[in-house]
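The values are calculated or read from the model by the stated rules, or taken from the named source; none is laboratory data. As the structure is a computational prediction, the values presented were derived from the model and not from experiment. Cβ: placed from backbone, ideal geometry, glycine included. Neighbour counts: every protein chain shown.
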Amino acid sequence: MDTEARTRDDISMLWQVPDNPVAALVLAHGAGAGMTHKSMISIAEGLIERNIAVLRFNFPYMERGSKRPDTPPVAHAAIRSAVAEANDLASGLPIFAGGKSFGGRMTSQAQSIEPLPNVHGLVFFGFPLHPAGKPGISRADHLAEVALPMLFLQGTRDALAEIDLVNGVVGSLGSRATLVVAEDADHSFHVPAKSGRTDAEVLAELLDTARDWMTALI
């Protein structure tokens, strides 16, 4: 695996490539943790093991050390910079985009406003459908404007996405959207011991699914 730190438009990025890559994913982080958080490392390294190159990056607020997420226009601009960098680095590999929670939602918003260049599909690691304790689907309204295939990886105990609501949203998107559910998993894909599975096993299953879904679209 090759690892290279990059900077574009004052945004820190980390480009990691397996020996035999078949695709590349631009992976945006969640609201509370940057690109080097252990959850992002686990997702990235798991994908790399599955021959998916990964470009991680920090949103500007994370670069500044702020806890307040960027406004959507600022976040969208950062995503576009990362996708442009991936296009420069990927050497013809099919490119996908998405991310964890906030990062995934900002990516889909950016795509709904103006297509991300050469992106084949979007991957959401826990789409944040609503604030905790406030069920609703208004955060998904923009998805109707996304023409790309979308993969939703969701836990059934996700406090930011009641699974019945997620089912309804994904169903309304028709064949463009695929939902894969991790039983007993929360927003961080943590499962209780009584589930009989470990967090690592759950994540491995989701990463297998993500790889298979991406390669099927190539």
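Starting from residues that are among the small types (Gly, Ala, Ser) and in a strand (DSSP E or B), keep the ones in the range 1-36 and report whichever is surrounded by the fewest Cβ atoms within 10 Å (Cβ to Cβ).
ALA5
Suppose we keep only residues that are buried (at least 19 other Cβ atoms within 10 Å of the Cβ) and touching an Asp or Glu at 6+ places or on another chain (Cβ under 9 Å) within the range 191-209. Which one would you say is nearest to LYS100 (Cα to Cα)?
Among them, the one singled out is LEU207.
Take ARG68 and tell me if it is modelled with pLDDT under 95, in contact with a helix residue (DSSP H, G or I) (Cβ under 8 Å, 6 or more places away or on another chain), farther than 23 Å from LEU207 by Cβ and not hydroxyl-bearing (Ser, Thr, Tyr).
No, not satisfied.
If GLY133 satisfies every condition in (1) free of Cβ contacts under 8 Å to residues at least 40 places away in the same chain; (2) surrounded by fewer than 21 Cβ atoms within 10 Å (Cβ to Cβ); (3) under 27 Å from VAL54 (Cα atoms) but one, which is the exception?
(3)
Here are LEU14, LEU27: which of them is out of contact with any Leu (no Cβ under 6 Å at 6 or more places or on another chain), under 16 Å from MET214 (Cα atoms) and of a type outside the set (Asp, Glu)?
None of the others qualify; the one that does is LEU27.
Residues ILE52, ILE79: which one is in contact with a helix residue (DSSP H, G or I) (Cβ under 9 Å, 6 or more places away or on another chain) and under 23 Å from GLN109 (Cα atoms)?
Of the residues listed, the single one that is in contact with a helix residue (DSSP H, G or I) (Cβ under 9 Å, 6 or more places away or on another chain) and under 23 Å from GLN109 (Cα atoms) is ILE79.
May I ask you to verify whether ASP212 is within 24 Å of LEU89 (Cβ to Cβ), among the acidic types (Asp, Glu) and surrounded by fewer than 17 Cβ atoms within 10 Å (Cβ to Cβ)?
yes
Of all residues in the range 164-187, how many are farther than 18 Å from SER108 by Cβ, of a type in the set (Val, Ile, Thr) and not in a strand (DSSP E or B)?
0
ALA161 fails exactly one of the following numbered conditions: (1) under 17 Å from the mean Cα position of the chain (by Cα); (2) in a helix (DSSP H, G or I). What is the number of that condition?
Condition not satisfied by ALA161: (2).
Find the residue count for the range 85-105, including only residues that are free of Cβ contacts under 8 Å to residues at least 60 places away in the same chain and closer than 19 Å to SER12 by Cβ.
Total meeting the criteria: 2.
Under 27 Å from PRO18 (Cα atoms) and surrounded by 20 or more Cβ atoms within 10 Å (Cβ to Cβ), is that true of ALA86?
yes
Could you please give the count of residues in the range 124-146 that are closer than 14 Å to THR107 by Cβ and assigned to a loop (DSSP other than H, G, I, E, B)?
4
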